[in-house]
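Please read the structure below before turning to the comments.
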Amino acid sequence: MKNLDLFSHAGATGVKASAPLAERMRPQNLSEYVGQPHLLGAGCLLRRAIEEDKLFSMIFWGPPGSGKTTLARILANETKSKFVSFSAVLSGVKEIRMVIDEANQLQDGKNKKVILFVDEIHRFNKAQQDAFLPHVESGLITLIGATTENPSFEVIAPLLSRVRVLTLKPFSEEELMTIVERALKDQQKGMGKYLVRMDEDANRYIVRLADGDARNALNNLEAIASMIQDLSEKERIITLEYAREALQKKALLYDKDGEEHYNLISAFHKSLRGSDPDAALYWLGRMLMAGEDPLFIARRMIRFASEDVGNADPQALSICVAAQQAFHFIGLPEGELALAQAAVYLATAPKSNALYSGFGKVKEEIGRTGYLPVPLHIRNAPTKLMKELDYGKDYKYAHDYPDAYVAQDYLPELLGERFFYNPKEAGFEKIIRERIDAWQKEKQRKK
């Protein structure tokens, strides 16, 4: 039987026949583009700009595989503009100047617009981003940047004020299914001429593993297809079993140095604070399965135990420290359960931020009043000279009094009587509240 090669055939115009399926299937115009209806739907901002040939400088912000580069190329095609593309990883100010020179020549000679597409624009430093400013402002170039990082943090403010940030969303499962099915049927660029079929369960499996990433979905499809290329036409069916064998483990969307890292830990923290143990377990699982450092999660839970639970349940801190020690002792995967136990405990514990708020007030007070002297009566007096200077004079030893409490002042005189820690009625703090109230009554009675 003749060996079937799904990857060696004539590709789309301008695309090598040996290019990956995702590259061959890249849409060439708006009619082929799937997704982003909030930008490209009838009457939407970007759709109107294309139809009226009034493109503006913009930054596409979205996750990997959401169509940023494809959409930029389509904009150039639809508006008959010169499309210049380079990567922020490989290019610098010198290359930017060359593009600007070319844009000047095109504008003077052919009155043609230039779209400058900068992939991974967040990787440009300040000087490189500054180089765009006058030319974006003058309209010499239409800048289209693409980034997976939050532009608010990665793009300088002057450039950000001259562009519009358009958010691209991950593809929905329905949109990805359309993209995958189109690749299977396409006779010119896809796998249509090879009569590769796929059952619905396999399609859904590929789509769900892709996490909204079209490139990932098509790459996965190509990987699975390579397993069946030597089978007869009758057997050339992508089944769920083939899909699972080819794609053994899901690579979750996660960049430990990027925004998704902070998004997931934020979701975890807020689920704990919101007393939702199920959501807390889910986000914990997402981070662990994506390869997050478990000790980072443990550190965040220890912080949470003091910040959001506090003395409403003093045991929470001990449990989190124990979970950290347990994980450090037994490691993965067994240690995950210790983290899960601590997460559920925190989520279901009574909550109080009184300790966090109180310590914040203390730091604010110190910032205002500086380092006030310690009152003489609570200073230590280990030497004769210090005693002669009244260090420790009139100090009342609490254990000499009933219930080990005696009314006396401990704050600097300038502060007088201040209340930084204000326990709530939650959990154990209710008992602390009652104690403090009783001590305050005793202090008032002694005055």
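Entry remark, the range 130-157: residues being part of a strand (DSSP E or B), over 23 Å from the mean Cα position of the chain (by Cα) and aliphatic (A, V, I, L, M) number 1 in total.
Scanning the range 306-318 finds one or more residues that are under 23 Å from the mean Cα position of the chain (by Cα), in a helix (DSSP H, G or I) and touching a residue at least 12 places away in the same chain (Cβ under 8 Å).
Residues that are in a helix (DSSP H, G or I), crowded, with 16+ Cβ neighbours inside 10 Å and at pLDDT below 80 within the range 101-125 comprise Ala103, Leu106, Gln107, listed in sequence order. For Asp400, the stated conditions hold: it is among the acidic types (Asp, Glu) and loosely packed, with under 11 Cβ neighbours inside 10 Å.
Does Ile432 fit the bill of being β-branched (Val, Ile, Thr), surrounded by 16 or more Cβ atoms within 10 Å (Cβ to Cβ) and in a helix (DSSP H, G or I)?
yes
Answer yes or no: is there a residue in the range 390-400 that is on the phi < 0 side of the Ramachandran plot and either under 47 Å from the mean Cα position of the chain (by Cα) or among the small types (Gly, Ala, Ser) (or both). Looking for residues that are on the phi < 0 side of the Ramachandran plot and either under 47 Å from the mean Cα position of the chain (by Cα) or among the small types (Gly, Ala, Ser) (or both), one finds at least one in the range 390-400, hence yes.
Remark: Val406 matches the filter, which requires a residue to be under 21 Å from Asp437 (Cα atoms), surrounded by 13 or more Cβ atoms within 10 Å (Cβ to Cβ) and either modelled with pLDDT of 85 or more or over 52 Å from the mean Cα position of the chain (by Cα) (or both).
The helices (runs of 4 or more DSSP H) located wholly in the range 158-250 that include 3 or more residues which are without any contact (Cβ under 8 Å) to a residue 24 or more places away in the chain and not assigned by TED's automatic domain parsing to the domain that holds Gly145 occupy 173-185. Taken over the range 304-340, residues that are surrounded by 15 or more Cβ atoms within 10 Å (Cβ to Cβ) and not aromatic (Phe, Trp, Tyr) amount to 23.
When the residues of the range 26-38 are narrowed to those that are within 29 Å of the chain's Cα centre (by Cα) and touching a residue at least 40 places away in the same chain (Cβ under 8 Å), which ends up surrounded by the fewest Cβ atoms within 10 Å (Cβ to Cβ)? Out of the qualifying residues, it is His38.
Considering only residues in the range 221-237 that are crowded, with 16+ Cβ neighbours inside 10 Å and under 34 Å from the mean Cα position of the chain (by Cα), the one that is modelled with the highest pLDDT turns out to be Leu221.
The values are calculated or read from the model by the stated rules, or taken from the named source; none is laboratory data. Because the structure is predicted, anything quoted here is derived from the model rather than measured. Cβ atoms come from the backbone with ideal geometry, glycine included; neighbour counts cover every protein chain shown.
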